[in-house]
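A short worksheet on the structure shown next.
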Amino acid sequence: MIGIVVVSHSPSLANAVVELALEMVRGERPMIAIAAGTGDGMTGTDAVRVADAITKVQGPDGVLVFTDLGSAVLSAEMSLEFLEKSTTPVKLTSAPFVEGIIAAVVLAAAGASLDEVETEARSALLSKQSQLGDDVGDDVGRKVGGEASTAGRTAGSTAGITEGITEASVTLINAVGLHARPVAMLINAVRPLQARVMIANRRTGKPAVPVAGPTALLALDGRNGDVLELAASGPQADAAIAAIRTLVESGFGEMDAAPSDAAKYDSVAPAAQPHRPGPIGVSPGRASGPVVQMPAPVAMPEAGATIATDARQAESARVTDAAASVESSLLAMAERTSGTAREVLETTAMMAVDPGLIDGARDRITSDGVSAPEAVWAAAGAIAEELASNNGLIAERAADVRDVRDRVIAALTGAAPPGVPDRSEPFVLVARDLAPADTALLDPSKILAIVTAEGGPTSHTAILARALGIPAIVSAPAALDISDGTIIFIDGSTGELVLDPGPELVASVGDSADEVPVFSGKGQTADGLAIDLLANVGSPASVTEAVKAQAQGVGLFRTEFCFLDRTSAPTIDEQVAAYRPVFAAFPDRKVIVRTLDAGADKPLPFVTAAHEDNPALGIRGFRTSWRRPEVLADQLAAIAIASAAERANVGVMAPMISTREEAAEFRGLCASKGIDVVGVMIETPSAAITAAEIFAEVSFASLGTNDLAQYTMAADRLDGELAELNDTWQPAVLRMISAACLAATAAGKPIGVCGEAAADPVLAVVLVGLGATSLSMSPRAIARVAAALVLVTAQQCRAAAALAIAAPDAAAARLAVTHVLATR
Ligand code: PEP
Ligand code: MG
């Protein structure tokens, strides 16, 4: 962005103009410095102060200096001599002081170059001149040049298509008409396009003005109901007209706002927002049922008084009884399951009454007089430590011993056993948050809905709930106070949570499930642009779902989900066994395997450190291979073997790539195992803005919008309080996506989206408009996304993308695109 310096004889005048200009922009603004007065309270100007002001705002894009009159110009000229040699271009402009500064601030905020801003600022009087009847027709023509001057002459008529010029008329439907914010949106939408657009207001009959500077557009005096005549020329004339039409017809995203709210958009300070936006609906569907709170994890028992010698026998017997009751409840659970789950429960039951554990605890009570819970904690700790010192499967049993320990202690203290509660009747699970391992074990036939106090829309609780089709709400801390057994109603789309719902609400449960459209198996827009609709999978159950949903392949195979309960690295054979069924389910279809994305929200003890100060910014994803190269090497070997044994078209991609070097290194590692379809996830801002370099190394990329939003907005994706920031609709995130898509188009390589954003049917239209070539999502979302895409043309997708990018914030972007799609 260029910097702006305002040189004036009067500080009050300069401040007032700058204040007025800043009212025209929301979001990022250019740096502005004022050099006004002589510094001793006198009216006048001073060259040294001007030089200081220039130094304050100078940057690589240059500085534009405005002056009011007389000696201000002289001081500005002299100031250039005081400036240290610098490469920053500095331009003094003869533009009008008020109109010029306003035009410059708006255009600079939209990212225009120094020359563009200066040209527009100098023309800023044109609208006033034309309004007051000065003869400015030639000036307008000169300003837009060639074809555009023709456009200027034809725009006032409804003559249809003139050769090389696209014409259209649109009606302003928003209450306040063309006020400052819509004007800025129009300029932002047209600026990136190779097109010149003229616009006239049929009601006033005044000459057309270019969609370039705010003052001319404001002077159109566009009011609700006015018809605007548009004429555009240049290679992207059609896109420009479509973008403007989209903006105008969506009411500039103001249709749900009262007129006074629309005016508020112009205010410099954004309205105060509540910080915690919850409860947030993250997995659609309605449910009603009794609450069961997830028990708090068992803590280390506090050391109590020494047990009297004559009471130690009875205290020891408590251990035996507690262990026996844990055994029988685990066996009862095993009875109700089958297959591997049953075997696991039976083995755990056996461990509960293991003499090593029981005798170890009893001995401690007898000899040291510690309480039963303390004794069990210590005895189990010793066994777990010994097991953990081994490798492989033996070490993994340490986690089982700790689980048994917690169950026995819960039985001793009367607390609820740890983990997802086991109930014979379905219930609504309420928890502070769910660990990935807990969510992986959820039984959708038992869990009616999930409500968590923490977590955001892209937390793993949310992702898993969507994949399992369980309605879910996150960021609802008050839910922790609801007593077990209370009947609640939740709506996972709206975030509504009602205690003791009436019969009407309860009867509405299941309503939303009825309208699921049917997917034909081929994703495309109305005009036939093919967009592969793929599935995100992480477990055998999700593969079955993906096949059922007619997914065109797998766009994200989250391999770490196969190994969440492991404490040691899986062998190559174990991995081959886990990958083959996924490949086998999609013969001759694309399956993109992501190498282990361990760390942060997906810790895997065999690759990630037990403690990092900042795990999301730490050794996660591809970075774990720096410490444990053999884990990645084995995984690639396993993928190569599994891929050779099946017919799927397998591609491999690395998570959390930040540099071109990492992409090149990953490609090399894949090549050494014979894997040649190699890509990366673009989920860091660095990867998005260096995508051109990264595409030189790999053959495809997939946008991980969950992490891309988290890192772009510096907002932890697990923190529900930050959900408003952690939103792919944020203009900053959309621009990151756009940068990566532009690089993909330039390289002629495919770029998919596999973050949760792809599952939002409205956002999916925007993503396709930005250039995404495939979308991968939870299988259950595919049909709805397909249904949304097939209703719009590729051009409409691009117009929706232009609309979203031009919006001032996430909410306005979502509203504007939703409105335009609904009224299409
Ligand atoms: C993402 O970050 O968008 C993504 C798809 O990966 P994950 O959610 O597994 O981090
Ligand atoms: Mg990610």
Q | All helices (runs of 4 or more DSSP H) inside the stretch 326-414 with 3 or more residues being at negative phi and modelled with pLDDT under 80 | A | 339-352, 392-413
Q) Would you pick out the residues in the stretch 588-597 that are part of a strand (DSSP E or B) and either more than 16 Å from ligand 2 (Cβ to nearest atom) or over 19 Å from P779 (Cβ atoms) (or both)? A) K590, V591
Q: Check whether at least one residue in the stretch 727-747 is out of contact with any Pro (no Cβ under 8 Å at 6 or more places or on another chain), within 13 Å of ligand 2 (Cβ to nearest atom) and touching a residue at least 24 places away in the same chain (Cβ under 8 Å), and report yes or no.
A: yes
Q: Among the candidates L775, L803, L789, single out the residue that is surrounded by 21 or more Cβ atoms within 10 Å (Cβ to Cβ) and either more than 25 Å from G704 (Cβ to Cβ) or at pLDDT below 90 (or both).
A: L803
Q. Which one is farthest from the chain's Cα centre (by Cα) among residues in the stretch 666-705 that are more than 16 Å from ligand 2 (Cβ to nearest atom) and among the polar types (S, T, N, Q)?
A. S672
(Q) Name the single residue that is farthest from ligand 1 (Cβ to nearest atom) among those in the stretch 648-675 being among the β-branched types (V, I, T) and out of contact with any Phe, Trp or Tyr (no Cβ under 7 Å at 6 or more places or on another chain). (A) I675
Q) How many residues are part of a loop (DSSP other than H, G, I, E, B), more than 16 Å from ligand 1 (Cβ to nearest atom) and out of contact with any helix residue (DSSP H, G or I) (no Cβ under 6 Å at 6 or more places or on another chain) if we restrict to the stretch 455-489? A) 8
Q | Verdict on A314 being free of Cβ contacts under 8 Å to residues at least 60 places away in the same chain, among the aliphatic types (A, V, I, L, M) and in a helix (DSSP H, G or I) | A | yes
Q.
Please list, ordered by residue number, the helices (runs of 4 or more DSSP H) wholly in the stretch 496-587 having 1 or more residues that are more than 27 Å from the chain's Cα centre (by Cα) and within 30 Å of R402 (Cβ to Cβ).
A. 572-584
**Q.** Qualifying residues in the stretch 538-584 (those that are in contact with a Lys or Arg (Cβ under 9 Å, 6 or more places away or on another chain) and aliphatic (A, V, I, L, M)) - the one farthest from ligand 2 (Cβ to nearest atom)
**A.** A584
Q. So which residues in the stretch 418-453 are at pLDDT 80 or above, surrounded by 23 or more Cβ atoms within 10 Å (Cβ to Cβ) and in contact with a helix residue (DSSP H, G or I) (Cβ under 6 Å, 6 or more places away or on another chain), if there are any at all?
A. V430, L434, I450, V451, T452
Q | Residue among A740, A772, A759 that is in contact with a strand residue (DSSP E or B) (Cβ under 6 Å, 6 or more places away or on another chain), within 25 Å of S493 (Cβ to Cβ) and more than 12 Å from ligand 1 (Cβ to nearest atom) | A | A772
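The values are calculated or read from the model by the stated rules, or taken from the named source; none is laboratory data. Keep in mind that this is a model prediction, so the values were computed, not measured. Counting neighbours? That spans all protein chains shown, and the Cβs are built from the backbone with ideal geometry, glycine included.
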